[in-house]
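Since every read-out is calculated from the coordinates, none of them should be taken as a lab result. Not measured: the values here are computed from a predicted model. Please note: Cβ atoms are built from the backbone with ideal geometry, for glycine as well, and neighbour counts cover all protein chains shown.
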Amino acid sequence: MLSRPASDTQITHGNRLWLYLLCGLVCLFLMAPSLLVIPMSFSGSRFLQFPPESWSTQWYDVYFDSVEWRAATVISLKAAVLTTLLATPIGTLGAYGIHVSRTRLGSLLQVVMMLPLMVPVILIAVGVFFLYAKVGLNNSVTGLVLAHSILAIPFVVVTVSAGLKSFDMNQEMVARSLGASRAKAFLTVTLPQIRFSVLSGALFAFITSLDEVVIAIFVARGDSATLTRRMFAFLRDQVDPTIAAISTLLIAVSVVLLLVYALLGQRGAGGGR
Amino acid sequence: MPGGLDEAAVGQARTTASLPITISGVTKSYGAFRALDDVSLEVASGEFLTLLGPSGSGKTTLLMVLAGFVRPDCGSLLFGEREIVLMPPHKRDVGMVFQNYALFPHMTVAGNVAYPLKLRRLARGEIEERVRRALDLVQLGALGERRIDQLSGGQKQRVALARAIVFEPRILLMDEPLSALDKKLREQMQIELRHLHERLGMTTVYVTHDQREALTMSDRVAVIDRGRFIQIDRPRRLYERPRSRFVADFVGESSFLPVEVAGGEARLNGRTLRTAEPPGPERRQFLVVRPEKLDLVADQDGAGLNLLEGRVKEHVYQGESFLLYVTLGNDVEIAMRQPTRREVLERVPEAGEIIRLAIHPEDTILVPEEAA
Amino acid sequence: MTTAAAWAEVGGAVNAEALRMQAAAENRRVLALASPGLILIALVLFLPMGWLFFLSFTGDSGFTLEHYRRMAHPAYRKTFTTTFEISFIVTAACVALGYPLAYLMSQIAERARPFLLACVLLPFWTSLLVRTYAWLVLLQRRGVINDWLIDLGLIDEPLRIVHNMTGTVIGMTHIMLPFLVLPLYASMKAIDRDLMKAASNCGATPVQAFRQVFLPLSLPGLFAGVVLVFVLCLGFYVTPAVLGGGRVVMWAMQIESNVALYANWGAASALGVALLIVTLAILWGMTRLFRIDHHLGRS
């Protein structure tokens, strides 16, 4: 096995052992922290230990019983859903407009829609905080959704643009030659076929909003804190084991979403649908 | 092809009217590049006209202008009496078949064909009836419920065709629809498309770069290069009487021999040529030598024909015919093609032999020297 | 009158004006499609940014450059040097760890790839707060790593690997690694495998083939990842705030404390504008130098 070739230049697996080892360590580095938190969240004692000396779901109970934690969760979920509902159509239409534009207007639009990714989040957070103070949107779900949406839109634009690139625009042309207006052709022919890209973009929007911390630090305080905001506050003050439980739940959400995203990717590429 | 044609379908189809097309002064530029340069063309009602040209000649651009997907810089487009150049594509009521079929993979065969009828809000029963008729017409009657990815290339092409004609458009546009098919299937489909056109009678504009296809299928062929029409003629005239070096070179194989024209006479290497028509006024022209128009003659024959002498360089056997490469007097090389019939094969000249070739005056064509 | 005659009469570009207007209308429709996004970005991005820019030049008595001048103050300079120092170290660490990983991912058999991809994607999709917290738990005085090392007898005293620069660098490397690996992997995947075969055939040893063929071709993707990571590090807030224990003050933290603690909008906005300019300058400069925009996934 070790003497079998592993590369185009006929390097064997044996020659590459050091590489496998190194990458194994890097993978460990990447995965270990998240994986270790999971069993630690079931620790029976007041301290986090690995491996836990006793097992208990007490920290989950604390989380579910706590009014504040529940309220924060609801706010986070509300914001994430609303962000997805806002950013996905906007991003999809934007990506479509950029894709069909023949002029330099399209490139300009693309740059503008990517700008939120290029500006450091701390700046967006501070700027938005200042703006919201003037219009009274601080500590409101609306304000949070608006800010999260501009973070999410670039992701939606990128995924939908990729989907449009591998879509045969001739089909839209055919549909129009057969009598469909531009809008009708888009809705009946193009959109059904890029739906996996659109859904992937929606997933990105959701997770971007759910995980977002920096903007929430400024714009979602006290009673209107999001889950991540509240976690951040607790992190700085004390290493509360409840956070381990919440982290595990969030990791589970990430795993589920990642699996859905992978499945969408396969369905999208496989059937050409 | 097997499979019964629905007689009623054929009869019904014959009543489809068709419209003439008038293209005037259409120009389209992309920056400094002129895709279409002031083109004008009239297509008669019910005619099958092919736009023939090399890649980048503008033929597809013109088709897209007709369909409404490319907006020209200026010009007029009339379908019948109506000016449609400003009309959006979905109102133009033309059928279009794309090179890669562009079938909707998320609908069945029947769904694809029904799509234009649904857009026109026909009654369900009417839609089903028309779809059935259209699929019968292209001999795919039994495949209505199939998914697109289950079809072969030839079948996909027929579905695309059925979809383009089901709403009875009076103009049909086709953009190299057969180029994705293999040779045998392509030649078969060429004849079928021709038959379909005869039955349905709609004005058809067909785009291809394959000159053989153009000659096979068309009522007229419009040769286009670099955004301009070079020659528009019936297939036979286009082939037998090319009016420019480009057409002689692009349509069929040709060698070119320089001739001097003076005093109404054309001279090749000092010898006067007999031509079917008087030569044009240009002093320097070219004799178009088509390989199949040449004939071997013995020394004493050849009266009344134009004669060439040369040495055989090599011969290449190609199955149904063979090619003879001959070097003429001033080191110019030409090719001659002969069918591989028994009596011909018996007297194939060897390399190095000196031979005499003859062209009939009717086949002696002169074309002017092309401006750069 | 036939059309040809009518056209000859007009003598020129028929319908040119009408066609031009139609084309312009089409452009406007494209704009309309993108307008909700543009409006949102204008309101929530441009407006606040503009305001901050304006604020950075505003003092108690109108226009002032004081906030910018103050950035030369030693305290601020420490923040800048810390920020750049950490950014360089983290970027270098990511390259050292990420390049081999991306290389392996792009070269191994299709079957083994999903596993490695999962190792990179799962952290990428996990909240950075969760990951930062995990490192806090791992690295603290009575955390997992120290406990293990003491149990194994390798050390007597717990190592101080958190609430300082070490912990910050470790945490940030962990967060940033996927940002380097993913674009690098994408660009490595696109390298034609036949090229390595051709190099072999020409007489290159595997090491030479890698150094002379593969490595240069992977550089654009590498630069894309490096720029991305560096720029993200400059403006990073959460991880240094949690793992730095207050001892590590980075640019973003300085901005936050100016707003939250001192309500010094002038200073905060000046710092912010400076950060933005540096970020954009780096992005723009690197993009021009290496044409890397298509490696970052922009269509």
With a Förster radius of 22 Å, plug the Cβ-Cβ distance of C:R29 and A:K165 into 1/(1 + (r/R0)^6) and report the FRET value to the nearest 0.05. 0.55
Measuring from label point to label point, each 7 Å out along Cα→Cβ, what is the C:R20 to A:D223 span in nm? 6.2
Cross-link list A:K184/B:K91; B:K156/B:K183; B:K156/B:K184; A:K165/C:K189; B:K28/B:K59; B:K184/B:K293: which exceed 22 angstrom alpha carbon to alpha carbon? B:K184/B:K293
Per the Kirkwood treatment, what hydrodynamic radius in Å, one decimal, follows for the protein assembly as shown from the mean inverse distance over all distinct Cα pairs? 33.8
Work out which helices of chain A, taken as complete DSSP H runs, extend at least 18 Å along their axis over the Cα atoms and score a mean Kyte-Doolittle of 1.0 or more, then list them. A:17-40, A:67-100, A:104-118, A:121-135, A:141-165, A:195-211, A:241-270
Backbone N within the stretch B:30-47 under 18 Å of label point (7 Å from C:A13 Cα along the Cβ vector): B:30-40
Expressed as a whole percent, how much of the Cα-Cα distance distribution for the stretch A:139-234 exceeds 16 Å? 63
Of the convex hull enclosing the alpha-carbon atoms of the stretch B:165-261, the direction-averaged projected area in nm² is 7.9
Provide, for q = 0.21 Å⁻¹, the log10 of I(q)/I(0) from a solvent-free Debye sum over equal Cα point scatterers in the stretch A:1-90. -1.02
Please list, ordered by chain and number, the residues whose modelled amide H lies under 5 Å from the amide H of B:F322; skip anything fewer than 5 residues away on the same chain. B:Q338, B:T340
What helix-only [θ] at 222 nm does chain B give? Using -39500 (n - 2.57) per DSSP H run of at least 4, over all residues, to the nearest 500, the answer is -7500 deg cm²/dmol
For the stretch C:65-296, what are Rg and Dmax over the alpha carbons, in angstrom? 20.7, 67
As computed over the stretch B:231-283, the Cα convex hull volume per residue (Å³): 93
Of C:F124, C:I282, C:I86, which is farthest along the charge dipole of the stretch C:65-296 in the positive direction, counting Lys and Arg as +1 and Asp and Glu as -1 at C-beta? C:I282
For chain A, would you read off the P(r) tail past 29 Å as a percentage of all alpha carbon pairs? 50
Sites C:A263 and A:V67, calculated FRET efficiency, Cβ-Cβ separation with R0 41 Å, nearest 0.05: 0.85
Here the cysteines of the protein assembly as shown lacking a cysteine partner under 4.7 Å (Cβ to Cβ) are A:C23, B:C74, C:C94, C:C202, C:C233
Within 10 Å of each Cβ of B:85-96, how many other protein chain Cβ atoms are there on average? 5
Subtracting the Cα-Cα distance of A:Q10 and A:S140 from 0.36 nm times their residue separation yields 40.7 nm
For chain B, the Cα gyration tensor yields equivalent-ellipsoid semi-axes (√(5λ), largest first, whole Å) of 46, 26, 16
R0 = 56 Å: FRET efficiency of B:R121 with A:A252, Cβ-based, nearest 0.05? 0.70
Using a 10 Å cut-off on Cβ atoms, rank the peptides B:132-140, B:321-329, A:2-10 from the highest mean neighbour count down. B:132-140, B:321-329, A:2-10
Treating every alpha carbon of the stretch B:272-372 as one equal point scatterer without solvent, the Debye formula yields log10 I(q)/I(0) values at q = 0.25 Å⁻¹ of -1.43
